[in-house]
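Working notes, structure below.
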C-alpha cells in the first residue's frame, strides 16, 4: 500500500518526495512515473532560468528560496548515491516595458521585490542604452534589472532531486496511473497501466502537462493544458559583450547560453495540447527582425536549430494550483506552474510536504494558490514577466 501516492516523478513530484523523505515519511511514499528518461517532460526541455522578478510576492519568495538551493545544491539536496551539479551561474535578468502604465507597474513591482530582499534597479531608456551600448532598445521606456538572477542545468536539477529522493528511501514505480477509484468522497486505490492496483490514502497530482487527465479521473476539471514553447538558438557574426537575459513585455526574449544565443517564442493564444513542431519560419520572419532591431549585432546571424517544450499552462491566470480538492479531500493538486516549475520546485516541494504531514504551510504560506479561485473564477492579478 502507498499511504502517499505521487503521480508524476518530474522536478515537482521528486522535490515533494524528497522533502517527505527528509521528514521521515519515505516508507509511506510511492512515486509513479511512466518514463524515467523524461523524454517529453517539461524540465529537461527548459532553458533553466532562475529569476527573482515576479509581480506576486509569493512567487518572489519561492524564487529566492530556489536561488538559495540551486546556488549550493550539494548542501541542500543530499542523500543520493550519485551527485548532480546544476551549475548555477548568475547572469542577470532585464525586463523591458513600454508605456506609462507598464512603467508604473514595473516600478511598483520593483519596490515589492526589493522589500523581499531582491537586488533590483529600474532604469530609463537612456540609461539602458548607456550601460548596454550594443543594444538600441526600441519600443522601450524602462527596464528592471536584477543582476543576481541565474541559470542552471534543468536536467541535473531534476535528476539530483530524484536520486536524492531514491537515496533516502523513496520508491519510484515505472508505470502509469490510468484510473482512480473512489469510495465515498475519498480515493482508495489507483489502477496502473501494467494491470495492477495500488491502494492509497493520499494522492498528489504532480503530473505537470498531464495533470488535467489525472484530475478528470475524480471529476475535477482544471484549466491546465500543455502549451508549446519554441526555443531557437543561433550564433552571431559579431560577438557581443556579456549582457543579462533580456525579456520584453511583448514577448521577445534573448540570452547567451553555452556559446550560442537563445530566443524563445510562446504563442499564448495558440490552442492547447501537445505540439512538437518547431516552426523555423517563426524565427526567420518574426523573431529575427525583432532581434536585428534590438541590436545591429543580430543582423548577421546563423540559425542553429532549436527544440520544443511545453508549459503546464494554467489558463486562469498563469499561476499554480497547490491545494486539496474540497470534494475529494485526500486528493492534492500541485500543477499549473506555467513555466515557473523549475525555479519554484524547491519551495513547493517543501511546502507540499508540510501540507501533507503538518496540516498546513509552515515555512512559506502558499495559500494564495488555492483551488477555490478556479471555482470562483477569481484569477490572481499578475502584471509581471510571463514565463
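Within region 212-222, the set of residues being in contact with a strand residue (DSSP E or B) (Cβ under 9 Å, 6 or more places away or on another chain) and farther than 12 Å from residue 178 by Cα comprises 212, 219, 220, 222. Evaluation of residue 130 against the conditions (1) more than 23 Å from residue 9 (Cβ to Cβ); (2) touching a residue at least 12 places away in the same chain (Cβ under 8 Å); (3) outside any loop (DSSP other than H, G, I, E, B); (4) more than 21 Å from the chain's Cα centre (by Cα) shows that the sole unmet condition is (2). Can you tell me which residue in region 257-274 is surrounded by the fewest Cβ atoms within 10 Å (Cβ to Cβ), limited to those that are within 19 Å of the chain's Cα centre (by Cα) and assigned to a loop (DSSP other than H, G, I, E, B)? Per the stated criteria, the residue is 273. Checking the conditions here, which among 140, 177, 187 is crowded, with 16+ Cβ neighbours inside 10 Å, closer than 30 Å to residue 84 by Cβ and in contact with a strand residue (DSSP E or B) (Cβ under 8 Å, 6 or more places away or on another chain)? That would be 177, the only listed residue that is crowded, with 16+ Cβ neighbours inside 10 Å, closer than 30 Å to residue 84 by Cβ and in contact with a strand residue (DSSP E or B) (Cβ under 8 Å, 6 or more places away or on another chain). Please work out which residue is nearest to residue 197 (Cα to Cα), limiting yourself to region 36-64 and to residues that are within 13 Å of the chain's Cα centre (by Cα) and part of a loop (DSSP other than H, G, I, E, B). This residue is 41.
Applying the criterion of being part of a helix (DSSP H, G or I), over 20 Å from the mean Cα position of the chain (by Cα) and in contact (Cβ under 8 Å) with a residue 60 or more places away in the chain to the residues of region 3-35, the residue that is farthest from residue 191 (Cα to Cα) is 22. When region 57-78 is filtered for residues that are surrounded by fewer than 24 Cβ atoms within 10 Å (Cβ to Cβ) and touching a strand residue (DSSP E or B) at 6+ places or on another chain (Cβ under 8 Å), the ones remaining, listed by number, are 67, 71. If you check every pair at least six apart or on different chains, which have Cβ atoms under 6 Å apart with a residue in region 341-364 that is outside the structural domain of residue 17 (by TED's automatic domain parsing) and modelled with pLDDT under 95 first and a residue that is part of a loop (DSSP other than H, G, I, E, B) and crowded, with 24+ Cβ neighbours inside 10 Å second? If the second residue must be part of a loop (DSSP other than H, G, I, E, B) and crowded, with 24+ Cβ neighbours inside 10 Å, no pairs are left.
Could you tell me which of the residues 201, 213 is surrounded by fewer than 24 Cβ atoms within 10 Å (Cβ to Cβ), assigned to a strand (DSSP E or B) and either in contact (Cβ under 8 Å) with a residue 40 or more places away in the chain or outside the structural domain of residue 261 (by TED's automatic domain parsing) (or both)? Going through 201, 213 in turn, the sole match is 201. Inspect region 226-248 for any residue being in contact with a helix residue (DSSP H, G or I) (Cβ under 6 Å, 6 or more places away or on another chain), over 22 Å from residue 138 (Cα atoms), touching a residue at least 24 places away in the same chain (Cβ under 8 Å) and assigned to a strand (DSSP E or B) and give the result as yes or no. The answer is yes; a qualifying residue exists.
Being buried (at least 24 other Cβ atoms within 10 Å of the Cβ) and over 30 Å from residue 143 (Cα atoms) is a property that residue 9 has.
Residue-wise test of (1) in a helix (DSSP H, G or I); (2) out of contact with any helix residue (DSSP H, G or I) (no Cβ under 6 Å at 6 or more places or on another chain); (3) under 30 Å from residue 258 (Cβ atoms); (4) assigned by TED's automatic domain parsing to the domain that holds residue 42.
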residue: 104; (1), (2), (3), (4): yes, yes, no, no
residue: 111; (1), (2), (3), (4): yes, yes, no, no
residue: 126; (1), (2), (3), (4): yes, yes, no, no
residue: 137; (1), (2), (3), (4): no, no, yes, no
residue: 161; (1), (2), (3), (4): yes, no, yes, yes
residue: 169; (1), (2), (3), (4): no, no, no, yes
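Of the strands (runs of 3 or more DSSP E) that lie entirely inside region 291-387, those containing 3 or more residues that are surrounded by fewer than 24 Cβ atoms within 10 Å (Cβ to Cβ) and touching a helix residue (DSSP H, G or I) at 6+ places or on another chain (Cβ under 9 Å) span 301-314, 321-325.
The values are calculated or read from the model by the stated rules, or taken from the named source; none is laboratory data. For clarity, every value in this text was computed on a predicted model and none was experimentally measured. Every residue, glycine among them, receives a Cβ derived from its backbone with ideal geometry; neighbour counts consider all protein chains shown.
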